[in-house]
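Rule-based calculations on the coordinates, nothing more; no lab input. Worth saying up front: this structure is predicted, and the values here are computed from it rather than measured. Don't worry about glycine lacking a Cβ; one is built from the backbone with ideal geometry, like all the others, and counts go over all protein chains shown.
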Amino acid sequence: MEMNERVVVGIDVSKDRLDVSLHPSGEHFAVSNDHAGLEELITGLVASRPTIVGLEATGGYEMLAAGSLSAAGFGVVVVNPAQVRAFA
């Protein structure tokens, strides 16, 4: 990865699982939506040094991930999925 390359992480949130995708590498994987899964996610993202992490708002299922990622020092945005679909 070049030093000036921006890495953006998108996370699709559900009750039990977080589906993670990194741009521009195209890497994708899933972790559980619990403390153990978030530890795994944070460890995995440290090397990527993402510019921003975007999560969809899912009525509360995103709260643990958003809080954990923010506390780990990542820039986090929670987005309304309807607005994302409208933009696409």
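Observations
- Signed unit charges on C-beta, dipole axis of the chain, positive-most listed residue Ser68, Asn33, Asn80: Asn80
- Near the amide H of Arg17, within less than 5 Å, lie the amide hydrogens of Asn33, all on another chain or at least 5 residues away, with H placed in the peptide plane.
- Spin-label pair Glu27-Arg6: with each label point 7 Å from Cα along the Cα-Cβ axis, the two points sit 1.9 nm from one another.
- The charge dipole of segment 8-87, taken about the Cα centre with unit charges on the Cβ atoms of Lys, Arg (+1) and Asp, Glu (-1), comes to about 220 debye, rounded to the nearest 20.
- Which labelled figure in [x] 5.6; [y] 6.9; [z] 7.8 is mean projected area of the Cα convex hull in nm², once derived from the coordinates: [x]
- Two-site label geometry, Asn80 and Thr51: point separation in nm, points 7 Å out along Cα→Cβ: 2.5 nm
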